[in-house]
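These notes concern the structure reproduced below.
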Amino acid sequence: MNNLSNVLHIKYPIIQGGMGNISNAPLTAAISEAGALGTIGVGTMGVEEVEGIIVETKKRTSKPFALNIPISITPHLKEMVRLVVTHSIPVVSLSAGNPSPLIPYFHEHNVKVICVVASKKQGKKAEEAGADVIVAEGYEAAGINSNLETTTLALIPQLVDTVKIPVVAAGGIGDGRGLASMLALGASGVQMGTRFIATMEAPFHENYKSTLVDAKDDSTVIVGRSVGRVRRVMKTPYADGLLQKEREGVAPDEFNHMTSEDHHRIGALEGKLDQGFINGGQVSGLVGDIPTVEVLLERMMSDANRIFKELSSYGMRS
């Protein structure tokens with residue numbers, strides 16, 4: 001199997017998940033500088049805003065980073081595709097749509113392509129379309145989620161047995177134990193979003209970070225099932241309101257407005273947890289501090305290596 005670090009030219013086999021409209025240069029650059037792959041998620045942002053983040057990120061780091069393009073969500077698909085090439089971004093992450101028509105164009109311009117999937121079928125199609133890496137996202141993950149509800153633990157070994165390209169595990173990973181477990185299942189690396197929110201470089205409101213630090217194992221909730229728009233968020237007064245609206249039979253258009261990126265920013269950037277939501281994965285219960293990105297990554301790698309050494313020693317004794 002190809003080595004993820006060699007394919008993406010990174011030190012650690014760790015990728016930042018696309019954070020949509022709350023993506024920013026300070027966190028993306030810090031993750032890349034520390035040896036992982038930082039990612040700018042374009043969400044529904046305008047072209048000028050995304051380009052500004054790209055330019056600022058390149059000022060902060062000369063190391064590789066990626067642009068995540070949610071194909072069916074961004075209103076500026078062609079323009080976002082051009083930004084990747086114009087700014088010589090070495091990696092693109094494609095999600096929320098069919099990546100097949102775009103992959104040849106990116107390969108013509110020497111851009112590595114990551115495809116985000118939620119099933120064996122999607123993973124096989126992505127490989128056949130020419131993807132270089134697959135990110136397999138389980139039900140534990142934050143934000144807009146798959147209706148399939150397959151967990152990362154069950155999904156990863158099945159995908160690894162199905163495709164030959166590197167598989168990256170996403171959903172439910174936030175420390176060295178999670179990294180070690182996914183590598184043991186055959187993954188070539190992991191993708192994280194929630195854990196990177198609670199870092200010193202992440203420019204999000206303290207209410208967001210403190211909610212993660214204080215989280216328990218049951219501190220997230222799924223909203224949107226009634227309208228087919230599944231999303232995992234942190235339990236907050238606003239999330240309670242969303243659930244109440246669903247019980248009352250909210251119309252899809254109203255629900256989409258209430259979970260728009262405007263309300264995401266209100267929660268994440270302004271900290272108004274009664275007026276906006278904050279995404280959070282089930283891994284939130286493992287978040288206990290707010291380290292620098294560098295400390296977090298080094299700790300994860302050290303813990304994963306220690307775990308493998310201990311397991312190896314245990315096997316020899318038995």
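Odds and ends about this structure:
- Segment 13-61 - residue that is under 20 Å from Val81 (Cα atoms), touching a Phe, Trp or Tyr at 6+ places or on another chain (Cβ under 8 Å) and free of Cβ contacts under 8 Å to residues at least 60 places away in the same chain and, of those, surrounded by the most Cβ atoms within 10 Å (Cβ to Cβ): Leu37
- As for segment 238-252, it holds at least one residue that is touching a His at 6+ places or on another chain (Cβ under 9 Å) and either more than 21 Å from Ser95 (Cβ to Cβ) or touching a residue at least 24 places away in the same chain (Cβ under 8 Å) (or both).
- Among the candidates Arg229, Arg299, the residue that is within 21 Å of Gly35 (Cβ to Cβ), basic (Lys, Arg) and either out of contact with any helix residue (DSSP H, G or I) (no Cβ under 6 Å at 6 or more places or on another chain) or modelled with pLDDT of 95 or more (or both) is uniquely Arg299.
- Answer residue from segment 62-89, given it is buried (at least 18 other Cβ atoms within 10 Å of the Cβ) and not hydrophobic (A, V, I, L, M, F, W, C) and is nearest to the chain's Cα centre (by Cα) among those: Asn68
- Failed item in (1) within 23 Å of Gly171 (Cβ to Cβ); (2) surrounded by 13 or more Cβ atoms within 10 Å (Cβ to Cβ), with Lys272 passing the rest: (1)
- Within segment 1-11, if we keep just the residues that are out of contact with any strand residue (DSSP E or B) (no Cβ under 8 Å at 6 or more places or on another chain) and at pLDDT 95 or above, the residue that is surrounded by the most Cβ atoms within 10 Å (Cβ to Cβ) turns out to be Lys11.
- Each residue in segment 242-257 was checked for being among the aliphatic types (A, V, I, L, M) and in contact with a strand residue (DSSP E or B) (Cβ under 9 Å, 6 or more places away or on another chain), and 2 of them qualify.
- Residue identified as touching a residue at least 40 places away in the same chain (Cβ under 8 Å) and of a type in the set (Val, Ile, Thr) among Val233, Val295: Val233
- Residue within segment 111-121 that is within 18 Å of Gly18 (Cβ to Cβ), free of Cβ contacts under 8 Å to residues at least 12 places away in the same chain and assigned by TED's automatic domain parsing to the domain that holds Ala34 present: no
The values are calculated or read from the model by the stated rules, or taken from the named source; none is laboratory data. In this text the structure is predicted, and so the values were computed from the model without any measurement. Ideal geometry is used to build each Cβ from the backbone, glycine not excepted, and the neighbour counts take in all protein chains shown.
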